[in-house]
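The values are calculated or read from the model by the stated rules, or taken from the named source; none is laboratory data. Being a predicted model, the structure only gives us computed values, none of them experimental. So basically every Cβ, Gly included, is an ideal-geometry build from the backbone, and we count neighbours across all protein chains shown. Each accessible area value is taken on the protein alone, full model and side chains, heavy atoms only, with ligands, DNA and RNA left out. Shrake-Rupley method; radii C 1.70, N 1.55, O 1.52, S 1.80 Å.
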Amino acid sequence: MFTKNMSSKIFRAVILGPPAAGKGTISRRILKKFNCDHVAPGDILRLHIEKNTRLGQQAKRYLQEGKLVPDDLVIKLVSSSINEIGNRSWLLDGFPRTEQQARILQHSDPVEFVINLKVSTQLIIDRAKNRWVHLPSGRAYNIGFNEPKIPFKDDLTGEDLIQREDDKPEVLEKRLDIYWKTMQPVLDFYKNLDIVYDFSGKSTDEIYPKIEKFLTERTICCSKAALNKG
Ligand code: AMP
């Protein structure tokens, strides 16, 4: 069996997917399995705001208003995170969110492939209705499958689970609309480079093994021709 330590080739990847498509859970599984660093500007920005750093002060109002932080700020943040990582694999989550971000990143630190989660809108809405999350860790549970051991309590901490306001169908539909409007140019940019790999399925448990297989092949084999696309 292929284990974490046998990974020889590093990868530089982006994970894309609409809200509530399972991006967080899939990213966590990738990090657990592969020797790779996770760069999620949203998380880093929230940390800066909590510590009240200069960057945190600059970014705060954008996050509060649900607006994108200006490209120059977020690009600087991601570049310095990538520099710190050095010669290890990385997975970007929540970046790029504009075509300009994608272009600048591709110039400085080329992304090798994009893991694109394809989940139908109806499925996302149905899943979000049944989704309960542990806010501090981001662990998500689903009523009907993947339930917590004790109802409405986090398995690891025993703390309360909540339903996110933005998972409500009317809010979610709006978020999905915004996602497609803003992300289509980013997706098109990567499609033109022929580095987008689509992964579809009805659940994270169905999608994740396909991604694991892809990454396993990717880390031991350099030939793109040898990979299964999709
Ligand atoms: P997230 O946790 O990825 O949903 O991000 C939370 C917030 O951080 C977003 O609403 C934006 O204000 C900001 N943010 C995160 N990533 C980016 C990005 N790539 N470009 C601009 N703003 C971002």
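Things to note:
- Of the residues making up region 83-94, those that are surrounded by 18 or more Cβ atoms within 10 Å (Cβ to Cβ) and either within 16 Å of the ligand (Cβ to nearest atom) or in a loop (DSSP other than H, G, I, E, B) (or both) are W90, L91, L92, D93, G94.
- Restricting D198, D194, D188 to residues that are open to solvent by 30 Å² or more (accessible area, probe 1.4 Å) and farther than 25 Å from L31 by Cα narrows the list to D188.
- Which numbered condition D72 misses (of (1) out of contact with any strand residue (DSSP E or B) (no Cβ under 7 Å at 6 or more places or on another chain); (2) farther than 24 Å from D166 by Cα; (3) more than 12 Å from the ligand (Cβ to nearest atom)): (3)
- Contact map, region 181-209: first residue of a type in the set (K, R), second residue surrounded by 13 or more Cβ atoms within 10 Å (Cβ to Cβ) and part of a helix (DSSP H, G or I), Cβ cut-off under 8 Å, separation 6 or more or different chains; pairs are K202/L123.
- Just one of the listed residues (D37, D72, D109) is over 17 Å from F189 (Cα atoms) and either open to solvent by less than 50 Å² (accessible area, probe 1.4 Å) or within 17 Å of the chain's Cα centre (by Cα) (or both), and it is D37.
- The residues of region 122-168 that are in contact with a Ser or Thr (Cβ under 8 Å, 6 or more places away or on another chain), open to solvent by 40 Å² or more (accessible area, probe 1.4 Å) and more than 17 Å from T204 (Cβ to Cβ), listed by number, are P136, L156, T157.
- Residue-level analysis places R12 outside the set of residues that are of a type in the set (K, R), out of contact with any Ser or Thr (no Cβ under 8 Å at 6 or more places or on another chain), more than 15 Å from the ligand (Cβ to nearest atom) and modelled with pLDDT of 90 or more.
- Taken together, R46, R97 contain a single residue that is open to solvent by 70 Å² or more (accessible area, probe 1.4 Å), in contact with a Leu (Cβ under 8 Å, 6 or more places away or on another chain), within 11 Å of the ligand (Cβ to nearest atom) and touching a residue at least 40 places away in the same chain (Cβ under 8 Å), which is R97.
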